[in-house]
Every structure is written in C-alpha cells, then in structure tokens.
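Asks: Have a look at this one.
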Amino acid sequence: MLTFDTPNQVVVMIEHLLKEKVIQSVKDLYGAEVSVKTVQIQKTRPEFEGDFTIVVYPFLRLSKKGPEQTAEEIGNYLADQLKEVESFNVIKGFLNFVMSNSYWLAFFNDNRDDGSFGKVYAAEKEAVVVEYSAPNTNKPLHLGHVRNNLLGWSVSEILKASGRKVVKVNLVNDRGIHISKSMLAWQKWGGGKTPESESMKGDKLVGDFYVMFDKEYKCQMVELVESGMTKEEAAKKATLILEAQEMLQKWEQGDHATRKLWEQMNDWVYDGFDVTYKRMGIDFDKIYYESNTYLLGKKLVDEGMEKGVFFKKDDGSVWCDLSEEGLDEKLLLRADRTSVYMTQDLGTAQLRYDDYHPSDLIYVVGNEQNYHFDVLKIIMKKLGREWAEHIHHLNYGMVELPHGKMKSREGKVVDADDLMDEMVEIARKTTEELGKFDDFTPEESAKLYEMLGLGALKYFMLKVDPMRTMLFNPKESLDFNGNTGPFIQYTHARIKSVLRKAEERGVSYSDRFELPGALEEKEKNLLKLLHDYRQTVQMAAENLSPAMVANYTYELAKEYNQFYHGHPMLKEPDENVRNFRLGLSGFVGNTIKSATGLLGIEVPDRM
RNA sequence: GGUCCAGUAGCUCAGUUGGAUAGAGCAACAGCCUUCUAAGCUGUCGGUCCCAGGUUCGAGUCCUGGCUGGAUCACCA
C-alpha cells in the first residue's frame, strides 16, 4: 500500500545480495538482462535441504536449456562468487542454497544483543499522519473502536520502526446534530445529574442520554404515524428532532448557554475516554476537534463555489457534481448553511496538511466509509489539492458478534471498558486455577492479569488481516492457549526464567561464539526466523498490516517452544553449546519483546 | 439495481510480488511433568481453497462470468 520513496540502505539483506548475483550470472552466462522482479528468492521449504531457494523457470527462455542444467549453472556461479554460500542442490527448477554456518553465526553474534534489532530509526523528513479512533462524543467506546484503536496505534508503531516519522492524530467528532440530541435529553430529563453525582464514567452518562433521546424520539414518531403521517414525515416533524435542530443552529451561532452546556458535557466525555485510552495503552500526538475545523471546511466550500467546481441549488444548499466520476451529487452545505460530515472532513484534511505537510495521510476508519473517502479524495483533487493523492484509507472490516450486530443507539454493544474488565478477570481466574506464584504481591498480580487480559484481547484483534470482517465470539475468543497473546507472553516468561536460572548459577554466555560442528535443525530454524524479522517489519509497514507482525511472532514463539522441549541448556555438558543456546534464547526473547511491542502487547518476565 | 470488500478443515484464522505434497489454533481422540515454567510439547482425525471458464512450464494467489455473505449509494456522523 505504501511505497518507500527512499530505498532502505540500512537493512542490506543477504536476499538482495543473492538477487544481484543471480542477475549478474544470467548476464554473464546467457548474455541476457533480467529485471529484479523476475528473480524470486524464497525460503527453502522445510522438507528440502537449504536455506534460500531461487526459482529458475523464468530464466529458461534465456538459457535455452533445461531447468536442471540452468539451475546447476547459476548455482555454480553463485557458489563461486559468494563466500556466504556453503553449497547448493537442484531439484527440478528449484535451486536451493545452503548458507555457511559462519554466515549464520555472524548474523547471530552481530544482532543478538542489539536492542533495536529489526527496527530502522532513520526517520524521513516528512511525516506520515495517521488518524485513528475518531470517537463520537455521545457514544462510549465499543468493540469496533477497540479494533480501530489497536490497529491505528500498532500501524503507527510499525511505520516508526520501519524508518518513518509518524504523527498520531485523533479527530474528535464533537459537534453536529447527534450531540444536540444528548444535550437536549440531558436538559429535559437529566435532573442535574453529573458523573460525580452518579459515580459514573462521563462518557457512559452522556451515552445514556443519547440512548434516551432515541427512545423518546421513536415514541413520538409512532404517535405521529398513528395520527396519519407517513414514516418519513414523522421523522422530520417530531418535536424532539425539531428542537435538536434548533439547538444545533444555536450552537453554530455561538449561543452562550448552549456552548456552555456543550463544553461541560464534552469534558465529562473526554475524562471518560482518557481512562479507556490509557488502559488500552494508546496515545496521540495531536487531537483535532471538529468544532475547530468545520469552519475551515465551510471556507473550502466557498472556495469551490468561486472555482466553479461546486454549485448551489434553489434552496441555497451547496453540492458537488460527481457524475463524471460515475458517482452521485454530494451535499456539502445544508440550506441553512450548517455543515455536514463531508464539510468537516474537507476542513480537517486541509488543516492537517497545513500543519505537517505529510508525505502520506492515513485514515484508519471502518470499511463502511469507503465511499466517503473516495469522495473526499475526489473533491480535494477538484479543489486543486494534488496531495489528495496521498490520502490512504486503511479500512478494516466490522467486528461481528455471534448473535447479530451491535447497535449503539439501542445500547446493544460490547462496551470497551466492560470487555477489558472481562478479559482481565479471565486472566485472573486462569492464573489462579493454574496455581502459579503465590509469592506475587497483590500489586504484582494485578499488573500481570492486566498484561495478560489485554495481551489476549490485542493479539486476538490484531492477528486478523484488517480487511476481513471478524467474528468476536466471547466464549471462544477468550482462550489463552494456542495461537493467542498469552501463549506468546508465556514463551517470553519461559525464556526469562531460563536466563534467570543461568545467571543464578553464574553462567556467562555473552561472548561471541565459535560453534563446533553443525547447527541443529531447531537452532537453525530459529536463526532463520530471527533473520526474517527485519523483513517482516518492513513488509508490515508497506502493507499497513500488524497482522503480519502478529503471525510472525506466533511462529517464532512456537518454534522456540519446540526447541526448548528438545534442547537442554543448563544441563547441556558442552559449554559452548550451552552458551550458544542461552544466547539464542536471549535473542528470541528480545525479538518477541520487540515484536509484541509493535502490537502494544506487554510481555512479563514471570507468569 | 450500481460500486467496493470477502468466501481456504466442523469453528476461528495464516498462506510475501503466481512456485515444490495448501498450514496453524480451537474442538475430538491418544500420549509426555522426581529433569531449565505442562498457559507447553508429540501424535491421530479433519480439504471440491464457493462454482465455471481463461492466461502459462506452473493458479488458493492473476483475468472473465456466475453464486453466497457483508458494506455502501442520507440535508446521520
């Protein structure tokens, strides 16, 4: 999705070297040019001997020889020229290279203690702006926001680790007709209730009034329909909606009392959101408020009128004609001059561009808004903003529940706070059932449960490709075994435990190693996986996909557990082998910590 | 109806720009704790990669057409 403007020089990998040599070998052997793209390098499948594999089928046209012979010739060429290549074998059109032990050992020795292994912090000058969360001030955060927040935060961290400068921004949807609804409900039926008087989180209190409004509004509509109105008429004529509209206009005119109420209720909500964000572990570099940007949006609408790209209808409403693009007409300003969603987003996009002149603007927003972002891009381009080309909509699928969908207006949602509570509670129960660590203080235990519960939740949400609609089944999703966050956390704790024991026994394993003999299969597998980490981070950044990091981390943890099972360390008599395995464990531990860090998952030293 | 997205084991999901015999976890069943953490490891069972064509040395992956599911096409945000 994102392309790298500056090729990454810091991460020079053996794959690149192999590629270059293959291109050269084809040139020298067959006198033909091949592009970088046609050279495919992949990891050798476990059932064959080798570390890297090159597919030679694409070169047969040039060599005018059979696959085996071509592979043999290229293999000889590379084995001759690269000291890192130990040997090679050919199976059909597949050329498998075995890298030398000294290559793997050098990789191991050079990187195992590097705390920033796999990450590249050579920041570009221009930032990438990532918007996520974008809450609505009258709805408490729910399951959908959880996916959004985790995705946005993690994508930002991954981009940073890949060498980009990132600005994390939130856009608070703090104005509009929906806000008037909860304000009106509070005025009418609130009886002066406050978060303090009710001992409630502010966002929950305001959310309740929003639900209350909707309920009463529906009652009014039913009455009107019974008195002979059509449904559409009733929806427009109900006194509650008329009052809400009047309130919105008062707000836009800056009416003192209305503004004051609005500020007070918003403050309640922000206090509530802060608690949720903090617990979730996400943060922002900058917060935009729509109440500050919608006026800029209106200016852009005026600009569009002057440029003749928008037009006005008889009632005074302003529209943009998108029929050339195969779309409809889009409303930008109501007849009463109040702004709509698109107006605000035009303004925020402009403001954000002016603030940072970013190379890319990423919007983490659900896929139900694909149309909105298509339109946003088109309109910005019509206004002559060339940078609109760099707007990316990172859309993600909805989170569905086993029994139908969530409906926030009816209050049928999986609330983010409740969900976190539940996960942490399960972590507590599970740990207690396993009978672990009676020596933990209550504070230490609480911290561990929090880590595990949230780790399970985060991993569950992030391991799935963002594009997919995912199913959240509370019963099955809250598992702590298998492909889960706690499994990875457990692996880390296990590694730390061994290293702790080694230290207690005074075993030092910090030297560079010269390993006698060959690496064992599991050891080699681990080295290969660790070797992949840098590439995984880069790919995850390009694809804006935390799922790639999550799945990589699982593979690594799984491979380590297999290694752990069959390879003693502290009891290994050969000191050199023992120390190598301890060093390898440390390397894996560091990498797990680094990778989970990109996902916002903390790993404990004991569990 | 138009547009966009998805469809892989009973369930939840992996599957880097097309590459070798499509992989995990859960569930089910059978094993492994006096030995560095059993939240682990090993094994068994489980597949028409939605269907049909096409492209080519090669298709889960690309193209076309269907089928199924979801989203969207608001003076809600």
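Asks: Under a 5 Å amide H to amide H cut-off, with H placed in plane at 1.01 Å, what residues pair with A:ILE91 once short-range neighbours are removed?
Replies: It is A:ASN96, by chain and number.
Asks: In what order, largest first, do A:THR348, A:THR536 sit by accessible area if the probe radius is 1.4 Å? Walk me through the numbers on the way to the answer.
Replies: Details: A:THR348 0, A:THR536 20 Å².
Result of the area sort, largest leading: A:THR536, A:THR348.
Asks: Could you list the square roots of 5 times each eigenvalue of the Cα gyration tensor of chain A, that is, the equivalent ellipsoid semi-axes, sorted largest first and rounded to whole Å?
Replies: Working: eigenvalues 568, 220, 72 Å².
Its equivalent ellipsoid spans semi-axes of 53, 33, 19 Å.
Asks: Can you compute 3J(HN,Hα) from phi for each residue in region A:461-467, using the Karplus curve 6.51 cos²θ - 1.76 cosθ + 1.60 with θ = phi - 60°, rounded to whole Hz and x for Gly and Pro?
Replies: 6, 8, 6, 8, 3, x, 4
Asks: Region A:343-396 to region A:533-590: how many Å between their Cα centroids?
Replies: After rounding, the separation between the Cα centres reads 39 Å.
Asks: Moving to a separate point now. Determine the sum of side-chain charges near A:ALA427: Lys and Arg each +1, Asp and Glu each -1, restricted to other residues whose C-beta is under 13 angstrom from that of A:ALA427.
Replies: Overall, the nearby charge balance is -3.
Asks: With Kirkwood's inverse mean 1/r over C-alpha pairs for Rh, give me the Rg to Rh ratio of region A:483-607, two decimals please. Spell out each step's value before the answer.
Replies: Numbers: Rg = 14.7 Å, Rh = 15.0 Å.
Ratio value, two decimals: 0.98.
Asks: For region A:432-532, rounded, prolate or oblate, judged on the Cα gyration tensor with a ≥ b ≥ c (square roots of eigenvalues), a/c < 1.5 rounded, else prolate if a/b > b/c?
Replies: Cα axes put region A:432-532 in the oblate bin.
Asks: Quick one: Karplus J couplings for region A:591-607, per residue in order, coefficients 6.51, -1.76, 1.60, θ = phi - 60°, nearest Hz, x for Gly and Pro?
Replies: Working through the residues one at a time gives 5, 4, 5, 4, 5, 5, x, 5, 9, x, 9, 8, 10, x, 8, 9, 7 Hz.
Asks: So what does A:MET221 come to for accessible area, using a 1.4 Å probe and Å² rounded to 10?
Replies: Rounded to the nearest 10, that gives 40 Å².
Asks: In addition: Lys and Arg at +1, Asp and Glu at -1: add these up for the other residues within a Cβ distance under 9 Å of A:GLY453 and post the number.
Replies: Result for the local shell: -3.
Asks: Shifting gears a bit: Would region A:91-220 count as rounded, prolate or oblate if I go by the C-alpha gyration tensor, calling it rounded below 1.5 in a/c and otherwise prolate when a/b exceeds b/c, oblate otherwise?
Replies: Prolate shape, in that a/c is at least 1.5 and a/b is the bigger ratio.
Asks: Enumerate the aspartates and glutamates that A:LYS237 could reach by cross-link, defined here as Cα to Cα under 12 Å, with residues fewer than 8 away along the same chain left out.
Replies: Result set, ordered by chain and number: A:GLU223.
Asks: While we're on this one: Simple spin-label model, 7 Å along Cα-to-Cβ: A:LYS125 to A:GLN535 in nm?
Replies: 3.2 nm
Asks: Can you return the lysines within cross-link range of A:LYS558? Criterion is Cα-Cα under 19 Å, with same-chain partners fewer than 8 residues away left out.
Replies: Correct list for A:LYS558: A:LYS43, A:LYS458, A:LYS463, A:LYS496, A:LYS522, A:LYS524, A:LYS528, A:LYS593.
Asks: Next question, about the same structure. Treating cross-link reach as a plain straight distance, find the aspartates and glutamates whose alpha-carbon is under 18 Å from the alpha-carbon of A:LYS313, omitting any fewer than eight places away in the same chain.
Replies: In chain and number order, the partners are A:ASP302, A:GLU303, A:ASP321, A:ASP328, A:GLU329, A:ASP336.
Asks: Are there trypsin sites (Lys or Arg not before Pro) in region A:552-607 that DSSP marks as loop and that have at most 12 other Cβ atoms within 10 Å, and which are they? Each step should come with its number before you reach the end.
Replies: Numbers: sites: A:LYS558, A:LYS571, A:ARG578, A:ARG581, A:LYS593, A:ARG606; in loops: A:LYS571, A:ARG606.
For trypsin sites (Lys or Arg not before Pro) across region A:552-607 that sit outside H, G, I, E and B with at most 12 neighbouring Cβ atoms in 10 Å, the list reads A:LYS571.
Asks: Please list, by residue number, every one of the trypsin sites (Lys or Arg not before Pro) in region A:464-544 that is coil in DSSP and has at most 15 other beta-carbon atoms within 10 Å.
Replies: Those satisfying the criteria are A:ARG468, A:ARG505, A:ARG512.
Asks: Using the Cβ atoms and a cut-off under 9 Å, what net charge is assigned to the surroundings of A:GLN344, where Lys and Arg are +1 and Asp and Glu are -1?
Replies: On the way: positive: A:ARG175; negative: A:GLU290, A:ASP345.
Net local charge, A:GLN344 excluded: -1.
Asks: Hey, another quick one. Do any trypsin sites (Lys or Arg not before Pro) in region A:114-162 lie in a loop, going by DSSP, with at most 12 other beta-carbon atoms within 10 Å of their beta carbon, and if so which?
Replies: Sparse-neighbourhood loop trypsin sites (Lys or Arg not before Pro): A:LYS125.
Asks: Shifting gears a bit: Once you've got the Cα coordinates, tell me which of A:LYS168/A:LYS250; A:LYS278/A:LYS382; A:LYS37/A:LYS83 are over 31 Å apart.
Replies: From the list (A:LYS168/A:LYS250; A:LYS278/A:LYS382; A:LYS37/A:LYS83), the Cα-Cα distance tops 31 Å for A:LYS168/A:LYS250; A:LYS278/A:LYS382.
Asks: Apply the Karplus curve 6.51 cos²θ - 1.76 cosθ + 1.60, θ = phi - 60°, to the phi angles in region A:171-187 and return the couplings in whole Hz, x for Gly and Pro.
Replies: Computed from phi, the couplings for region A:171-187 are 10, 8, 7, 9, 8, x, 4, 5, 5, 4, 5, 6, 5, 4, 4, 5, 4 Hz.
Asks: Could you sort out which of A:LYS236/A:LYS299; A:LYS181/A:LYS201; A:LYS193/A:LYS215 sit more than 23 Å apart by Cα distance in this structure?
Replies: Those over the limit are A:LYS236/A:LYS299.
Asks: Which sequence of A:LEU434, A:LEU29, A:LEU248 reflects their accessible areas, 1.4 Å probe, from the largest down?
Replies: Largest accessible area first, the list is A:LEU434, A:LEU29, A:LEU248.
Asks: Could I ask something else about it? If you take the square roots of the eigenvalues of the alpha-carbon gyration tensor of region A:319-400 and sort them as a ≥ b ≥ c, do you get rounded (a/c under 1.5), prolate (a/b over b/c) or oblate?
Replies: Rounded, because the longest to shortest axis ratio a/c is under 1.5.
Asks: In debye to the nearest 20, how big a dipole does region A:5-155 give about its Cα centre with +1 on each Lys and Arg Cβ and -1 on each Asp and Glu Cβ? Can you show the working numbers first?
Replies: Details: 16 positive and 20 negative charges, 119 e Å.
In total the dipole reaches around 580 debye.
The values are calculated or read from the model by the stated rules, or taken from the named source; none is laboratory data. Keep in mind the model is a prediction, meaning the values are calculated, not measured. Cβ atoms come from the backbone with ideal geometry, glycine included; neighbour counts cover every protein chain shown. All accessible areas refer to the heavy atoms of the entire protein, side chains included, with ligands and DNA or RNA removed. Shrake-Rupley method; radii C 1.70, N 1.55, O 1.52, S 1.80 Å.
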